[in-house]
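The values are calculated or read from the model by the stated rules, or taken from the named source; none is laboratory data. Just so we're clear, the structure is a prediction, and the values are computed from it rather than from any experiment. Cβ sites come from the backbone with ideal geometry, for glycine too, and all protein chains shown count toward neighbours. For the accessible areas, the whole protein counts, side chains as well, though only heavy atoms, and no ligand, DNA or RNA atoms are used. Shrake-Rupley method; radii C 1.70, N 1.55, O 1.52, S 1.80 Å.
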Amino acid sequence: MTAPRTAVRTAPDRRRADGVTAPSGSRSGRRLGTTVLPSTGRTASVVATLTWLLGLATVVSALLPADRGRLRALAPLVPMQASTAAGGVAAALGVLLLSLAGGLRRRKRRAWQLAVATTVVVAVAHLLKGLDVEEATASVAVLALLLWTRREFFAAGDPAGLGLGLRRVGGLLVLDVGLGLVLLQVYDRRLVGHPSVLDRLRYVLLGLVGVTGPVPVRGDRTADLIGAILLSLGVLTAFVAAYFVLRSAEPRPGSDPDDERRLRALLAAHGARDSLGYFALRHDKSVVWSPSGKSAVTYRVVRGVLLASGDPLGDPEAWPGAIAAALELARRHAWVPAVIGCGERGATAWARYGLDAYELGDEAVLDVPSFTLEGRSMRGVRQAVNRVARDGYEARVRRVADVPPAELAELVAVADAWRGAEVERGFSMALSRLGAPGDGDCVVVSAHQDGVLRGLLHFVPWGSDGLSLDLMRRDRTADNGLNEFLIAELLAASPALGVRRLSLNFAVFRSALERGGRIGAGPVSRLWRSVLVLASRWVQIESLYRFNAKFRPDWEPRYLAFPAARDLPRIAVAALEAEAFLGRPRLLDRLLRG
């Protein structure tokens, strides 16, 4: 279920001073853009669908009994054993075609190559297994379509996939053969005669592709059971092979020192545009540049998704070049492009290149000069701040460069200890480091009680006059209201730091929580809010919204940009993994990465 949203017309447009065209009348919560991505089209989807249908028809045909009249006509030309074997091969290859359809839909070259070879064999298998002319004709038609549309399939596969796949499949084949030999030993009394080890090995190898081997077995049920187990092992191995051959590349993330230097130069010139800009300097992000070098998109590839965050860096006039380069990179590798947490300006820029954009939540922004703790609306925050101050807490607000090295090392060590065994979360709105060289302009706000460190906040620069919250850590035994106290102290010290804007936490689905809690809210709004409140038991949704709302901030909408609704589940899983809310088991990760 998604929050209600309203479409925005794409015309007439208004041209902003920064060169990005925004839909007329666009505002928070509206859908931006309906342009079709340059790399998308229906041809690949049609070919993939027809290939999938051919695979399904092939499996069904292999399972159904053959026409007796056609078998009699075929008997003088093809031995019965060969016809039976062809049926098993057709069934296995039909399953393979079902798997290849997904790769064809993503325009993968390797999927096309395998599909061409497979349809040729499938056409022959249909003829050999029972003169199934109709299925063979359909196979030839799909083959002709594949050859005719060959230029549609250009996406590169994982360069490491072939070598790693060969090692994994080789290991599985050894395991399959071992299990098959053990299976035959278990049913040794059902075997006719005393077959040699070589005969048993041939039986197992042929059984993996659905062909009856040279060892007779007493009893049809036993023979069928052994054959089914061996074929299942073979199909599983074929799926593993197809996965490694067809999977998208997932390069190790990271940028080189020259990229970081250039990114910092862009932030120095244009960093005031986006409060999330500094997070582009995370060490687990790669970068793609516009042809002019005046703009860049930072990203990470997770589960076949090119995941960017925030607005493009640099001069908005150069954003189209960086966006086009990122989309071309995604197209070349069959990655799904997606952007988490872009602002309205960034969402509009991505929408002009075909991505849909929906409001994901709101960022809480405080205007320092106008902020005050006075007034009835700030009573709760004021009481929390005063209570913490009375308990003997004091705050220290400093640039990281001004913190003595020994104390900075203590801050890092204690912050890590407070985190404990929990995974360091963050991707789009977290730096995931503290006190690193080059981050001297960051601000650390530490709380001390009787000289003991009890909590800290870490902020990254937002241009020359702003700060964006990165990290909140505290001693679990510290008093409630400590974070409110630290933020209030930072606001009081901001004029001396030259800070006029402060970005707090991002409140996901903030508008949905607010609308659903109003008197007179409709049943859909109330139900959606209930779902979010329930999810808040495991993920901070409602609590972050309520914490931010205490400070009466200005709410700045943030968007999720994506190509199509069908990609949302995949993007959601990739985003959760990038933000460290989901993770792969170590053994599985080792098997998949080598």
inquiry  = Keeping all protein chains in place and using 1.4 angstrom, which order do Arg390, Arg202, Arg189 fall into by accessible surface area, from largest down?
reply    = Arg189, Arg390, Arg202
task = Could you calculate the FRET efficiency of Ala521 with Asn386 from 1/(1 + (r/R0)^6), where r is the beta carbon distance between them and R0 is 45 Å, rounded to 0.05?
result = 0.80
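I need the shape label for the stretch 334-412. Rule: rounded when a/c is under 1.5, else prolate if a/b > b/c, else oblate, with a, b, c from the alpha carbon gyration tensor.
On the way: a/c = 3.30, a/b = 1.64, b/c = 2.02.
Note, shape of the stretch 334-412 comes out oblate.
If you take the square roots of the eigenvalues of the alpha-carbon gyration tensor of the stretch 395-495 and sort them as a ≥ b ≥ c, do you get rounded (a/c under 1.5), prolate (a/b over b/c) or oblate?
On the way: a/c = 1.32, a/b = 1.12, b/c = 1.18.
It is rounded, given that a/c, with a ≥ b ≥ c, falls under 1.5.
Taking 8 Å as the Cα distance limit and 6 or more residues as the minimum spacing, I'd like the relative contact order of the stretch 237-293 as a percentage. Before the final figure, lay out the partial values.
Working: 23 pairs, mean separation 24.6, N = 57.
It comes to 43 percent, rounded to a whole number.
So for each of 296-309, 442-455, 322-335 I average, over its residues, the number of other beta carbons within 10 Å; can you give me the resulting order with the highest mean first? Each step should come with its number before you reach the end.
Details: 296-309: 24.7, 442-455: 19.1, 322-335: 20.9.
Ranked from most to least packed, the peptides come out as 296-309, 322-335, 442-455.
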Exposure ranking of Trp350, Trp418, Trp538 by accessible area [1.4 Å probe, largest first] = Trp538, Trp418, Trp350
key: Alpha-carbon Debye profile of the stretch 468-578, log10 I(q)/I(0) at 0.16, 0.23 Å⁻¹   = -0.98, -1.39
task = Would you mind pulling out the separation of the Cα centroids of the stretch 276-309 and the stretch 351-401, in Å?
result = 27 Å
message = Let me check I've understood the local charge: for Val177, count other residues with C-beta under 13 angstrom from its C-beta, Lys and Arg +1, Asp and Glu -1. What total comes out?
response = +1
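Counting only other residues whose beta carbon sits under 12 Å from that of Ala507, what net charge do I get with K and R as +1, D and E as -1? Don't jump to the answer; show the numbers that get you there.
Working: positive: Arg510, Arg546, Lys550, Arg558; negative: Glu359, Asp362, Glu363, Glu514, Glu542, Glu556.
Local net charge: -2.
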ask   = So, counting K/R as plus one and D/E as minus one, what does the shell of residues with Cβ under 12 Å around Ser309 add up to?
value = 0
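Take every Cα pair under 8 Å in the stretch 395-496 that's 6+ residues apart, average their separations, divide by the length, and report that relative contact order as a whole percent. Don't jump to the answer; show the numbers that get you there.
On the way: 131 pairs, mean separation 29.1, N = 102.
Once normalised by length, the contact order is 29 percent.
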query = How about Lys294: which lysines have a C-alpha closer than 22 Å to its C-alpha, ignoring those fewer than 8 places off in the same chain?
reply = Lys285
